[in-house]
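The values are calculated or read from the model by the stated rules, or taken from the named source; none is laboratory data. Since the model is a prediction, treat every value here as computed from it, not as a measurement. Quick reminder, even Gly has a Cβ in these numbers, built from the backbone with ideal geometry, and neighbours come from all protein chains shown. Quick note on the areas: whole protein, heavy atoms, side chains included, nothing else; ligands and nucleic acids left out. Shrake-Rupley method; radii C 1.70, N 1.55, O 1.52, S 1.80 Å.
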Amino acid sequence: MTEPDVTSQHNEPMQRAARDHLWMHFARHSASQEGAEIPMIVRGEGPYVYDAAGRRYLDGLSGLFTVQAGHGREELAQAAAKQAAELAYFPIWSYAHPKAVELAERLAGLAPEGLDRVFFTAGGGDAVESAWKLAKQYFKLTGKPAKHKVISRAVAYHGTPHGALSLTGLPGLKAPFEPLVPSAFRVPNTNIYRASEHADDPEAFGRWAADRIEEAIEFEGPETVAAVFLEPVQNAGGCFPPPPGYFQRVREICDRHDVLLVSDEVICAFGRLGTMFGAQRFGYTPDIITFAKGVTSGYSPLGGMLVTDRLFEPFKHGETMFAHGYTFGGHPVSAAVALANLDLFEREDLLGHVMRNRDAFRATLERLRDLPIVGDVRGDGYFYGIEMVKDRDTRETFTEEESERLLRGFLDKALYEAGLYCRADDRGDPVVQLAPPLTCDQSHFDEIEQILRSVLSEAWARL
Ligand code: PMP
């Protein structure tokens, strides 16, 4: 690979062009318009990325929960190049190409029992959108046409298309686009740290939280509810693993009311929790799994949903089609990269690596609990949130103004400048989100801990 010309990328014309032409996502552009430098990442290698000036950052978020295998993997680049030369593009609209077929078969073999059919998209939000639409059409075809509503959890993020955004439980992201799709309803999430009921009894809390789903189904009318969308570990709001027994109870509730259980695994699949799919980590079988991100380790965009044979059945025979599709769904280059990525998972036993190292990751982050600003450390596998509080004993959180000052005024930038790329998020209570590449080991955990220790201590001193 030729070395990028970092000097030209670092120079002022590049910054100016970014300021003048690039619309960054979910970004406030005011700082850069006022002259602040836009962080410009030019290269990646293993768990590290490098900016235009050659500074190194530990990628504590795998890009965006995506680069499972780490950066700079020549074999994934080669797989993309080879496929682009052979067949760069062909749609899977009534046609097929070998890489989509091979990948579908491979994913079906890795997924929980019964999820044998794969519908490809180009990303996660599209996968969520597809799942809701499939649920609606499936029930229309099977004699329950009133089933169209969906349930999701408070503060959850499920994507930006209108349907996926309606499922999202983050008022700040939705407000500019209201009115959204009206048939989406929210239930409490599994934030036991801030539970008002059963805070010291995880099993009882899990039963309580699952029962809120049944309550919502009954309130809306089971004959109108199509699906419940849940992440195995909820990311937005601050990384909430499920209490013991939660998913088993939710499965029973869904079965009782003929409501589909959609496991949104855009983050939690492909080893993030040490298993290929998040549902396998917690021992439940959903009707639909949505996936994206880690399926290609981010080397090419791809998403999709795995669905049970039961959901495909009405489309299998007869003249009805699922009236839905994407130009880039199952793109040959992305499918080839995904296959190479799954080969790499096997060859390097990435799942085994996460399983062997997850306790050490947890133990290393737990050490941060001696800092007065650290209220909670929670997560699973290689996926954690560190919640920051004003008072550890009372769990008092920050005011909006303090949170703004802490996160955007200081933490985001300070962590990055100290060499750790991750995210300080205050869409719920303020947390630092961590999801390093699955190849990381103790030396990287220590590096994360050291940087967090010094930056969080400084944040506390400033407050
Ligand atoms: N669902 C979940 C759980 C996600 O975390 C995300 C993205 N972070 C999405 C859906 C949307 O995925 P995309 O950004 O690829 O559309």
Residue that is farthest from Gly329 (Cα to Cα), among those in the stretch 93-126 that are among the hydrophobic types (A, V, I, L, M, F, W, C) and in contact with a Pro (Cβ under 9 Å, 6 or more places away or on another chain) = Leu115
Selection within the stretch 52-93 - open to solvent by 10 Å² or more (accessible area, probe 1.4 Å), of a type in the set (Gly, Ala, Ser) and farther than 24 Å from Gly325 by Cβ | Ala53, Gly54, Gly63, Gly72, Ala77, Ala79, Ala81, Ala85
Within the stretch 58-122, which helices (runs of 4 or more DSSP H) (wholly inside it) include 2 or more residues that are of a type in the set (A, V, I, L, M), at pLDDT 95 or above and under 25 Å from the mean Cα position of the chain (by Cα)?
-> 74-86, 98-110
Considering only the stretch 349-378, how many residues are among the hydrophobic types (A, V, I, L, M, F, W, C) and either in contact with a Cys (Cβ under 7 Å, 6 or more places away or on another chain) or free of Cβ contacts under 8 Å to residues at least 24 places away in the same chain (or both)?
-> 2
Kindly indicate whether any position in the stretch 225-240 is without any contact (Cβ under 8 Å) to a residue 60 or more places away in the chain, over 22 Å from Phe65 (Cβ atoms) and away from the ligand (no atom under 16 Å from the Cβ).
-> no
Within the stretch 346-357, can you find the residues that are open to solvent by 10 Å² or more (accessible area, probe 1.4 Å) and either over 16 Å from Gly109 (Cα atoms) or under 21 Å from the mean Cα position of the chain (by Cα) (or both)?
-> Arg347, Glu348, Asp349, Leu351, Gly352, His353, Met355, Arg356, Asn357
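Rundown of residues vs (1) of a type in the set (Ser, Thr, Tyr); (2) away from the ligand (no atom under 14 Å from the Cβ); (3) surrounded by 17 or more Cβ atoms within 10 Å (Cβ to Cβ); (4) not assigned by TED's automatic domain parsing to the domain that holds Val233, yes/no style:
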site: Leu141; (1), (2), (3), (4): no, yes, no, no
site: His148; (1), (2), (3), (4): no, yes, yes, no
site: Leu167; (1), (2), (3), (4): no, no, yes, no
site: Leu180; (1), (2), (3), (4): no, yes, no, no
